[in-house]
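Chemist: Below: one structure in structure tokens.
The values are calculated or read from the model by the stated rules, or taken from the named source; none is laboratory data. Just so it is clear, the structure is predicted and the values come from calculations on it, not from any experiment. Note that each Cβ is placed from the backbone with ideal geometry, even for glycine, and that neighbours are counted across all protein chains shown. Please note that ligands, DNA and RNA were not included when accessible areas were found on the heavy atoms of the full protein model with its side chains. Shrake-Rupley method; radii C 1.70, N 1.55, O 1.52, S 1.80 Å.
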Amino acid sequence: MKVGIVCAFDTYFDRVALLKEFYQKRAQVKVIASDFSHQKKEKNRESSLVDEWIDTKPYYKNLSVARLTSHYDFSKKAEKLLEAETWDVLHVFVPCNSLVKFMALIKHKQPKTKLIFDLIDLWPETMPISKFKNVFPFTLWKQIRDKDLDQADLIFTECKLYQQVLQKEDNEKYKVLYWARQEKPLESHLQIKDTELSFCYLGSMNHIIDIDFIEKFLSACQQYRPVTLHLIGDGESKEQLIQNVKRKGVQVIDHQKVYDQKKKQEIFDQCNYALNVMKESVVVGLTMKSLDYMCGQIPLINTIGGDTREFCETCNIGFHVPFDQIELYAQKVCTQTLQEQYEQRKQIKHLYETVFTKDSFFKTMQDAWEKLI
């Protein structure tokens with residue numbers, strides 16, 4: 001049995017690694033990937049995960065015609081490469097949206113191949129361009145994906161929200177396959193106090209994070225207790241974020257980029273809450289940073305809808321804060337006792353260990369495999 005995994009983005013390689021480990025116990029596996037790093041914006045063939053690289057056109061801006069051209073280039077080359085062999089299963093990451101079109105052509109030529117689409121992001125829905133999403137060329141971009149999605153035998157979505165957006169909640173082909181992490185929670189040595197509040201933001205500080213929300217929320221909290229913001233990461237909006245919150249009297253501690261789990265845990269242990277904040281127009285139900293937070297056992301200040309909002313409201317892992325209720329929730333956060341925060345940390349650790357570990361990921365995959373093969 002032969003399985004192909006097709007992925008255009010190095011940002012998805014953690015998931016690729018889990019899938020490759022799962023499939024290798026059942027079949028011969030080949031990972032096909034783009035040699036252009038979305039993270040570094042340069043050619044990169046360093047990953048040992050990848051068995052065959054596709055020479056892909058570069059791009060340097062995330063919102064650009066060059067990016068769409070690069071995606072189309074990768075998708076067309078992937079189809080040409082794949083059609084030269086016979087496959088039992090093709091597991092294809094989407095985006096690129098154009099991969100849906102070209103992989104549907106493979107399915108047409110090789111009808112016995114089991115085709116799986118793995119929807120990691122919905123583009124353009126997950127982009128903060130609300131006033132443009134329903135006009136050309138963004139409508140065409142979406143149609144390229146939607147037109148042939150159901151040609152697949154199975155469609156994974158990385159959260160339940162995507163099924164709602166696609167209006168596929170009752171379609172048996174669609175299954176949720178949450179992100180999972182190899183890391184297990186480390187021992188925590190808390191240093192939080194009830195006389196001040198510390199928040200953490202981890203990840204890229206870019207055009208989709210809501211700086212206005214962070215500024216207003218931290219400023220509201222500052223009325224009750226002194227506030228410190230710990231930053232882990234980088235990005236084009238970082239300096240703006242720092243200057244905005246400093247104007248409100250918030251102390252900022254910039255840890256720069258931190259990848260080591262132990263070092264991240266030391267920072268999380270100094271913070272009361274983690275900021276899981278994106279612009280309201282971004283359609284996303286779960287973020288990779290939220291898994292970092294969960295693994296680090298730090299409760300959330302969350303603005304993301306769908307799955308993460310549901311977890312906050314039903315599992316006591318923090319607060320989902322509506323954009324029009326910042327003052328109210330700042331007061332709630334600032335009046336939380338340390339004991340209540342300890343309970344939230346216990347609950348978020350439990351959620352991570354129950355839903356987002358490799359074991360839970362493999363269980364979902366095994367259930368799907370038994371029905372598919």
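Chemist: Report, in listed order, any pair from Lys61/Lys363; Lys109/Lys142; Lys248/Lys279 with a Cα-Cα distance greater than 32 Å.
Modeler: Cα-Cα > 32 Å for Lys61/Lys363; rest within.
Chemist: Return one whole number: the accessible area per residue of the chain in Å², for a 1.4 Å probe.
Modeler: With all protein chains present, the chain gives 45 Å² per residue.
Chemist: Roughly to the nearest percent, how much of the accessible area of the chain is carbon and sulfur, given a 1.4 Å probe?
Modeler: Ligands and nucleic acids excluded, carbon and sulfur give 48 percent.
Chemist: Roughly how tilted is helix 238-247, in degrees to the nearest 10 and between 0 and 90, from the longest Cα axis of the chain?
Modeler: The helix 238-247 is inclined about 20 degrees to the chain.
Chemist: With an 8 Å Cα cut-off and a minimum separation of 6 or more residues, compute the relative contact order for the chain in percent.
Modeler: So the answer I get is 13 percent.
Chemist: Using 0.36 nm per residue of separation minus the Cα-Cα distance, give me the extension gain between Lys263 and Asn62 in nm, one decimal.
Modeler: Going from the current span to full extension adds 69.4 nm.
Chemist: Taking H placed 1.01 Å from N in the peptide plane, check which residues at least 5 places from Phe319 or on another chain put their amide H under 5 Å from its amide H.
Modeler: Close amide H contacts, sequence-distant or interchain: Leu300, Ile301, Asn302.
Chemist: For the residue pair Glu370 and Asp146, what label-to-label distance in nm results when each label sits 7 Å from Cα along the Cα-to-beta-carbon direction?
Modeler: The two pseudo-label positions are separated by 3.5 nm.
Chemist: Mind checking which lysines have their C-alpha under 17 Å from Lys57, skipping anything on the same chain fewer than 8 residues away?
Modeler: Within the straight-line limit of under 17 Å, Lys57 reaches these lysines: Lys40, Lys41, Lys43, Lys76, Lys77, Lys80.
Chemist: Can I ask one more? Can you give the charge dipole size of the stretch 304-373 about its Cα centre, rounded to the nearest 20 debye, using +1 on the beta carbon of Lys and Arg and -1 on the beta carbon of Asp and Glu?
Modeler: Here the stretch 304-373 has a charge dipole of around 220 debye.
Chemist: What distance in nm lies between label points placed 7 Å from Cα along the C-beta direction at Lys246 and Lys112?
Modeler: 6.6
Chemist: In debye, nearest 20: dipole of the chain around its Cα centre with unit charges on the Cβ of K, R (+) and D, E (-)?
Modeler: Approximately 700 debye in magnitude.
Chemist: Something else: For the charge dipole of the chain, defined by +1 on Lys and Arg C-beta atoms and -1 on Asp and Glu C-beta atoms about the Cα centroid, which residue among Gln167, Gln28, Leu229 has the Cα displaced farthest towards the positive pole?
Modeler: The listed residue farthest towards the positive side: Gln28.
Chemist: Just how large is the dipole of the stretch 205-246 about the Cα centre, in debye to the nearest 20, putting +1 at every Lys and Arg Cβ and -1 at every Asp and Glu Cβ? Let's see the in-between values first.
Modeler: Details: 4 positive and 6 negative charges, 54 e Å.
Dipole size: approximately 260 debye.
Chemist: Let me ask something else. Do any cysteines in the chain lack another Cys Cβ under 4.7 Å, and if so which?
Modeler: Unpaired cysteines in the chain: Cys7, Cys96, Cys159, Cys221, Cys295, Cys312, Cys315, Cys334.
Chemist: May I ask which residue of Ala180, Met294, Val333 lies farthest towards the positive end of the charge dipole of the chain, with charges of +1 (Lys, Arg) and -1 (Asp, Glu) on Cβ and the Cα centre as origin?
Modeler: Toward the positive end, the furthest listed residue is Ala180.
Chemist: In degrees, nearest 10, range 0 to 90: what is the angle between the Cα axis of helix 13-24 and the longest Cα principal axis of the chain?
Modeler: So the helix axis and the longest Cα principal axis differ by about 50 degrees.
Chemist: Considering only Val250, Gln240, Tyr273, whose Cα is most displaced toward the positive end of the charge dipole of the chain, charges sitting on Cβ of Lys, Arg (+1) and Asp, Glu (-1)?
Modeler: Gln240
Chemist: Here is a follow-up. With everything on Cα atoms, drop me the angle between helix 358-372 and the longest principal axis of the chain, reported from 0 to 90° to the nearest 10.
Modeler: For helix 358-372, the angle is close to 30 degrees.
Chemist: If you filter the stretch 304-337 for chymotrypsin sites (Phe, Trp or Tyr not before Pro), then keep DSSP loop positions with at most 14 other Cβ within 10 Å, what is left? Before the final figure, lay out the partial values.
Modeler: On the way: sites: Phe311, Phe319, Phe323, Tyr329; in loops: Phe323.
When the chymotrypsin sites (Phe, Trp or Tyr not before Pro) of the stretch 304-337 are filtered for loop state and at most 14 Cβ neighbours within 10 Å, Phe323 remain.
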